[in-house]
Structures are given as C-alpha cells and as structure tokens.
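What follows draws every value from the coordinates through simple rules; no lab data is involved. All of these numbers come straight from a predicted model, not from anything done at the bench. Counting neighbours? That spans all protein chains shown, and the Cβs are built from the backbone with ideal geometry, glycine included.
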Amino acid sequence: MRCHVSRSGYRGDENLKKLMSGNAALGEAAVLSGCSCYFGYPITPQNELTEYMAKRMNELGRVFIQSESEIAAINMVLGASVAGARAMTSSSSPGMSLKQEGISYLAADELPAVIVDMVRGGPGMGNISPAQSDYLQATRGGGHGDYKTIVLAPGSVQELTKVVPLAFDLADRYRNPVVILGDGMLGQMMEPVDFDNVQPPKEYPKDYILTGAKGRPSRMIRSLLFDTKEEEEHNWKLVRKYQRMEQNEVRYETFLTDDAEMIVIAYGIGARIAKGAIKRLRQENLKVGMVRPITAWPFPAAVLQEFARTVHEFFVFEMSAGQLIEDVKLALNGRGHIHFYGRPGGIIPTPVELYRIIGRHYYMASRREQS
Amino acid sequence: MMTRTIFSGFGGQGVLSMGFTLANAAMLEGKYVTYLPSYGVEVRGGTANCTVVVSDEEIASPVASEPEFVVAMNQPSFNRFQNILSAGGLICVNASLVNTDVARSDIEVLSIPTTELAERLGTTKVANMIMLGALIKASGIISFDDMIKNLGELLGEGKAKLIKLNKEALEVGFNYVKE
C-alpha cells in the first residue's frame with residue numbers, strides 16, 4: 001500500500017523550524033513516514049496526537065478511526081497490518097496495559113505495527129503527569145508469551161522525527177511491533193522542529209499479507225498453534241529474530257564519556273534532565289558522563305560492559321522506582337558500583353536536584369576509592 | 001544565558017497564547033526554546049499556566065521549578081506563583097485584577113494596568129499582548145524589534161488584519177515600563 005506524502009500539514013518551508021508539541025510532531029512524522037492507518041482512543045497526555053491524526057489523515061484520504069476502546073484500536077492495527085497497511089496506534093499507560101494482548105498477537109503473528117506510549121504516572125489510573133514507569137512493560141514484551149518489541153525512547157521533539165520513520169522501518173524489516181516510549185512531557189511540550197530529513201521508509205515486499213488469494217495459493221496468519229512442537233519451533237524462530245535485533249539494532253548516545261569516572265545511564269526526558277545536571281557537574285570538574293539508550297530494547301548492554309573495563313561508578317537515573325536499573329545490573333553483571341536515583345508517580349526531578357545528588361554520590365565514591 | 005518564565009491567569013485571558021508568542025519569537029531569533037502548557041485537570045473559568053524556557057544552549061528541562069520571571073494575570077495565580085519565583089526574580093502583575101499587598105519582599109513586582117490600557121485600544125482582548133510587551137521590556141528575554149518585525153509570522157496565517165492591533169498593544173506595554 002503506497003501513500004503519497006504531502007508536506008502541507010505544517011508550514012512547509014524547508015529549513016524553517018516550527019514550534020510544535022511532541023504529540024503533533026509525532027503525528028506529522030508518522031504521516032511523512034507513510035503511515036496509512038491510524039487507530040486511537042483518547043487519553044491524556046497523548047490526545048494531541050489523536051487530534052492531529054484525525055485532521056491530517058482525513059486531509060490525505062488515509063484511514064483514521066477513533067475506536068471505541070484501546071483494545072479495539074490495537075486490534076484494528078492488527079487487522080490493517082494483516083492487509084499490508086503501515087499502521088499505528090497510540091496511548092498512555094493505562095491504555096497501554098489494555099493493548100498488551102493485541103501486541104502479543106502482533107508479535108506472535110509477526111506483523112509490523114508502531115505503538116506509541118506517552119507514559120504517565122501509575123500504577124492504576126495514576127495521574128497524567130510525565131513518568132517513565134512503563135519501562136519494564138515495554139522492554140519485556142508486556143503481554144503474555146515469549147516475545148519482544150523493539151523500544152525506541154526519544155528525548156526531544158526533534159528526535160521524534162528521526163525515531164518515527166525508524167520505527168516504521170524496523171517494524172516492516174523485522175515484521176514485529178515497535179514501541180515508541182515517550183512520556184507526558186515529550187508529548188505535551190513544544191519545541192522547534194523541522195521535518196527536512198524525514199523520508200518515508202522503503203517498502204518491503206510483503207509476501208505474507210492477506211489480500212485475497214485469487215490467482216495465488218492461499219495464506220494463513222495465526223497464533224493458535226495447538227501442536228506443541230510447532231509452537232516451540234515458532235518460538236525459536238522468534239527468538240532468532242530477536243537475536244538479530246540485538247545484534248543489529250542497538251542505538252545509544254554517549255555524552256562526555258571519554259574521561260568520565262562516573263557514567264550516568266538515563267533515557268528519554270530523564271536523559272535530558274541528567275544532561276543538564278552533568279553540565280553543572282563538569283563546571284566543577286567532576287568527571288561525569290552519560291550513556292543514553294535510544295533503544296531501550298535491545299539495550300546497549302555491550303557498551304556498558306565495555307565502559308566497565310575502565311569505569312567503576314555507574315549512576316542510574318529514572319522517573320520510576322527502579323526499572324531501568326534492572327537492565328544496567330544485567331549489563332554490568334556484578335562489575336562496577338551502581339548508584340541509583342529514581343522518582344516515581346509523575347514527579348519531574350529538576351536538573352539542580354539531580355546535580356546535587358550525583359555530586360554527593362561522586363564525592364562518596366571518590367572517598368571510598370581513597371580509603 | 002537561560003531564562004524561565006511562567007505565564008499564569010484565568011483560562012480565556014490569553015495566558016497560553018502569551019507564552020506561545022514569546023516561545024515562537026525566541027525560536028525565530030534562533031534561540032533554544034521549550035514551551036510547556038499545564039495540562040492538568042482544569043475547569044472552565046479556572047486557572048491556566050504555561051512555562052517558557054529560552055536559552056542560548058540546549059535546554060535540559062522544560063519545567064521551571066524556580067523561574068526568573070512570572071506573569072500573573074489574576075489573584076490566584078499571583079498567590080501561587082510568587083512563592084516559587086527565584087529570590088530576586090520579577091513578577092509582572094495584572095494590576096487591574098491583582099492585589100499585591102502580600103508580595104514577598106525578596107522579589108520585584110511590576111504592576112501593569114492591562115485592562116485599562118487595553119480598553120484605550122478599544123478591546124480588552126489584547127491585555128495579554130500589553131503584558132507581553134511589558135515583560136519583554138523588563139526582562140530583555142528577546143529582542144522587541146525583531147519580535148515586531150516577525151509579528152505577521154507569529155500571529156499565523158489569516159491573522160493579517162490583527163497585526164496592527166497586536167503591534168499597538170505590544171508597544172503600549174513595552175513603553176509603559178520605564179528604563
């Protein structure tokens with residue numbers, strides 16, 4: 001299914017930035033990435049994305065449906081993907097929990113899809129403030145069964161324009177659901193953004209889609225495999241695919257790590273706040289750097305292992321009560337000393353707060369070294 | 001240099017558009033900028049606020065826990081946000097609606113009778129632009145001249161007939177504040 005891409009949605013002068021919310025920019029990036037079907041159900045703090053798609057998809061003659069529930073939306077995505085569409089849905093934490101069954105089916109059926117989670121404070125209904133507490137749900141599959149989704153964790157509105165086409169590309173390339181893990185702040189805040197480098201991902205041959213079997217042998221997509229041997233084989237096939245993702249799709253950014261004696265690990269909005277803190281620490285000659293996972297799964301474990309040869313102090317910062325730290329512990333596997341600061345519940349720590357805490361831990365660590 | 005400003009007031013006073021206009025103007029000047037609206041559980045007629053961070057460098061957080069500037073268009077906003085202003089910070093107050101007797105002693109208060117000034121221009125709808133002009137004069141966050149130059153773009157398509165009125169309002173506010 002090919003889509004013509006129009007740039008008329010935003011004021012389309014090349015090289016000119018526009019002030020846009022993360023939600024709206026994500027919508028435009030999806031449109032430019034050839035998203036042909038969007039299904040969504042309203043929930044704060046991602047409503048502007050659904051709103052944007054309602055307008056733009058209709059303008060372009062593409063499919064927009066406000067579904068009756070999050071569960072319906074993810075299953076519409078499944079249906080559209082079965083038919084070969086580039087399909088997307090979005091929600092926030094409570095809605096993401098509802099979508100997990102559908103994501104498990106997408107993974108089992110090896111169907112491409114892009115699913116956006118603008119995370120808010122939880123558990124339960126929680127609140128509508130930005131949070132990072134869906135990390136484990138997103139990076140461990142989230143639904144039932146042995147499966148993985150690629151998880152992209154952008155940290156700015158501009159970065160969304162890189163991550164969204166990448167998400168559609170990876171989804172098609174691996175025939176797998178891809179999750180964009182944002183948070184309420186990324187969705188709500190406005191920043192200057194341009195779409196100059198957004199190109200629709202290439203079209204992959206889709207020899208599996210169900211388009212009517214006229215003139216060709218019929219196809220079947222299903223996840224019900226009563227034969228245990230067949231199910232086990234299917235699982236191992238999926239595992240081999242996940243291993244290929246782990247080999248090829250790890251993405252991360254380093255910041256001031258060359259001479260670092262302490263490395264902060266943070267992602268998304270958390271990494272932004274950490275960057276502000278690290279800049280202050282550097283002014284006082286504290287050698288602190290950062291590794292920012294862009295793919296929360298596959299996690300940049302090998303990079304941390306490499307740093308652990310020379311660096312002993314690692315500091316995990318997250319807007320949750322201790323989820324990212326599990327991946328850091330697994331990656332370091334007992335090497336190095338891990339410090340932690342996390343705030344759950346929709347609290348947004350300030351760069352100054354983090355600067356003080358990292359600074360204190362840094363001094364504690366250097367005293368320990370000396371003694 | 002980085003400045004953090006919170007705009008606050010009743011929903012309908014043009015509080016969000018004040019912040020959005022400043023953020024947009026700063027962007028056109030080539031600065032780093034973030035704009036974060038409050039998206040909490042609000043009621044019609046209740047309070048609205050937004051935070052604008054303008055910087056020469058990448059911005060770590062769009063949240064301002066200790067802003068340098070606050071604009072308070074109504075009393076509840078004044079009472080709430082004067083408390084989080086940095087010591088030595090400036091609060092621009094809509095004098096037409098706000099009593100500043102309870103102001104903290106370690107901050108500066110700039111009172112602008114926006115409603116009265118706006119009425120002289122024929123409509124109270126531009127009270128927010130008068131306030132924005134005053135803030136820019138008192139804070140120097142962005143260049144006022146550049147902003148006036150870019151006003152057509154800032155107001156967006158289809159608002160050409162409003163350029164003159166908004167320009168006047170911005171100038172009234174800007175000139176009201178003495179050096």
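Of note:
- Computing Rg and the Kirkwood Rh from the Cα coordinates of the range A:94-232 gives a ratio, Rg/Rh, of 1.03.
- Over the protein assembly as shown - Rg/Rh using Cα atoms and the Kirkwood inverse-distance radius: 1.01
- About its Cα centre, the dipole of the protein assembly as shown is roughly 580 debye, where the only charges are +1 on Lys and Arg Cβ and -1 on Asp and Glu Cβ.
- Taking the average, over residues, of other Cβ atoms within 10 Å as the packing measure, peptides A:353-364, A:308-319 rank A:308-319, A:353-364 from highest down.
- Dividing the convex hull volume of the alpha carbon atoms of the range B:2-176 by its residue count gives 112 Å³ per residue.
- Simple spin-label estimate for A:LYS206 and A:ASP227 in nanometres, 7 Å along Cα-Cβ: 2.8 nm
- Whichever aspartates and glutamates have a C-alpha closer than 19 Å to that of A:LYS206, once near sequence neighbours (fewer than 8 apart) are set aside: A:ASP109, A:GLU110, A:ASP169, A:ASP172
- Using a Gaussian network model of chain A in which every pair of alpha carbons under 10 angstrom is joined by a spring, one finds that among A:GLY79, A:GLY322, A:GLY212 the greatest mean-square fluctuation is at A:GLY212.
- Packing-based exposure ordering (other Cβ within 10 Å, fewest first) of A:THR228, B:THR115: A:THR228, B:THR115
- Under 29 Å from B:LYS167, Cα to Cα: lysines that are on another chain or at least 8 residues apart: A:LYS17, A:LYS18, B:LYS31, B:LYS125, B:LYS137, B:LYS149, B:LYS159, B:LYS178
- Database remark: amide H of A:ARG120 closer than 5 angstrom to the amide H of A:SER93, A:ALA131 (H placed geometrically; neighbours at sequence offset of 5 or more, or on other chains; Pro and chain starts carry no H).
- Share antiparallel - DSSP beta bridges, chain B, percent rounded to 5: 55 percent
- Per-residue Cβ neighbour counts within 10 Å put B:GLU168, A:GLU284 in the sequence A:GLU284, B:GLU168, beginning with the fewest.
- Computed from label points 7 Å out along Cα-Cβ, the spacing between A:GLU51 and B:ILE163 is 2.8 nm.
- Over the range A:33-131: Rg over Rh, Cα atoms, Kirkwood Rh: 0.97
- Residue mean of other protein chain beta carbons inside 10 Å, B:27-33: 3
- Where trypsin sites (Lys or Arg not before Pro) in DSSP loops with at most 10 other Cβ within 10 Å are excluded, longest remaining stretch of chain B: B:45-177
- Ordering B:ASP101, B:ASP146, A:ASP194 from the fewest to the most neighbouring beta carbons within 10 Å gives B:ASP101, B:ASP146, A:ASP194.
- Among the chymotrypsin sites (Phe, Trp or Tyr not before Pro) within the range A:220-278, those in coil by DSSP and having at most 14 neighbouring Cβ atoms inside 10 Å are A:PHE226.
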